[in-house]
Structures are given as C-alpha cells and as structure tokens.
Amino acid sequence: MAAARTPADLAALVDRRVAGLPLEQVLGWAEFCGLRVVVEPGVFVPRHRTEFLVRQAVALARPGAAVVDLCCGSGAVGLAVAVALGRATLHAVDVDPAAVRCARRNLDAVGGEVHEGDLDDPLPAGLRGRVDVLVANAPYVPTDAVGLLPPRRACTKPGWRWTAARTGWTSSAGWRRPRRGGWPPAARC
Ligand SMILES: C[S@@+](CC[C@H](N)C(=O)[O-])C[C@H]1O[C@@H](n2cnc3c(N)ncnc32)[C@H](O)[C@@H]1O
C-alpha cells in the first residue's frame, strides 16, 4: 500500500501482482540480509535462503577482504557481504546486461565494481591470487526443466531461458559447458 501514491497506482500494482509478477518485481526492491536491494525487471529476486551463503562468507573473511560475487544478479550477495565486513574490495560478475545494470545501482554505495561476462572471464587480471572470498549463487535449474517452473517463477526473469541456454546448465550435476581454462583462477586461490 505504501508503494502506491494514488489509487490508480495501487490498482496497477495489484494488477501486476495478480498477473503473477513476484512482489519484489512489482515493488522494484527486495529485502535481503536487512538491506533494501533494487530488483529491476528481468533480474533474479534474491532469496532469503541465500542469506546462509552470506553468513558463511562473512565468517571466513575479514574487513578489507577482496570479495568476488560470480553470477551476481542484483548484486545482493556481494552487497550483504561487503556491508557486513564494513570494508571490502568487491567485484561482481553477471552475463546478463540487465543484471549488470541493476547490480551497479546496488553496489555503487559500497564501491563495488560490476563486470559483464562469463563467470570469471571479465575480472581484472590484477585480482589473480588476491581473492579472499568467492561467493556464487549460480543458476540451479536445468535448462530443460525451466518449462516445469510455475509461471510465478518462470516469469521472474524474461531472459532466463536465454541465460540458462548461454550457461549450458543442462544438468543438476554441474555446468556441462566446457570451460576454456578449467575452474576460475579465483576459485583456485
Ligand atoms: C540464480 S541467479 C542468482 C543471482 C544472485 N547471485 C542471487 O543470489 O540473487 C543466477 C545468475 O547467474 C547469472 N548467470 C548465468 N550464467 C552466467 C554465466 N555464465 N556467467 C555469469 N553469470 C551468469 C544469471 O544471469 C543470474 O543473474
């Protein structure tokens, strides 16, 4: 109710929700780790269960740590880690231009840099061997199972099929697409 300035606004918001759009997409933001995270159209809505990942990362890191958030979506995970640490060098990556734009809006406040591209490919070379914590909530629904999602989930991200196809995530066993150089160098450090 508070998000609507006029009754017409409210009616439009309700219509979008009734049509199956997730509440966070209707409002344009999601609550994650106590933070308000901007969620633009087509960008994955951060889930509360992913807060577990944030807690694990924060427990392993120290203030000033170099943190990488791969498959960052809105940037929620990296943002929450950086805020909890108080001080961090944060780099986030997503292959989807809409996610990259959205993550830039969220990570600007903590000085995070957002890169567009495949996994660790676009990370600055200078980061090699200097990453303290790498977090990734990567795609986890196999491409051929996307059609089985309820519309509420499937329409969360209009470009999702494209992204899943690009990722080659065809099995819950892992990424099938061969990587040129093996696992991300950051993951090996
Ligand atoms: C399940 S969502 C998670 C988003 C975010 N980490 C979160 O928890 O809110 C997965 C994200 O991975 C991105 N993605 C898919 N394939 C990718 C790839 N090859 N390289 C980088 N990002 C990718 C998608 O665009 C999507 O934003």
Inset, instruction - Considering each residue of region 4-37, count those that are within 20 Å of Cys72 (Cα to Cα), part of a loop (DSSP other than H, G, I, E, B) and touching a residue at least 60 places away in the same chain (Cβ under 8 Å), and give that number. - result: 1
Inset, instruction - Pairs only if they're at least six apart or on different chains, beta carbon under 7 angstrom, first in region 103-116 and within 11 Å of Gly78 (Cα to Cα), second modelled with pLDDT of 95 or more and β-branched (Val, Ile, Thr); list them, first residue then second. - result: Ala103/Val114; Asn106/Val37; Asn106/Val38; Leu107/Val114; Val110/Val83; Val114/Val100
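Which residue out of Val38, Val93, Val18 is modelled with pLDDT of 95 or more and out of contact with any Pro (no Cβ under 7 Å at 6 or more places or on another chain)? So that I can check it myself, show each step before the final result.
On the way: Val93 fails: out of contact with any Pro (no Cβ under 7 Å at 6 or more places or on another chain); Val18 fails: modelled with pLDDT of 95 or more.
None of the others qualify; the one that does is Val38.
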Inset, instruction - Scan region 117-134 and give yes if some residue there is within 14 Å of the chain's Cα centre (by Cα), crowded, with 19+ Cβ neighbours inside 10 Å and β-branched (Val, Ile, Thr), otherwise no. - result: no
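The values are calculated or read from the model by the stated rules, or taken from the named source; none is laboratory data. The shown structure was predicted, so the numbers you read here are calculated from the model rather than taken from an experiment. Every residue, glycine among them, receives a Cβ derived from its backbone with ideal geometry; neighbour counts consider all protein chains shown.
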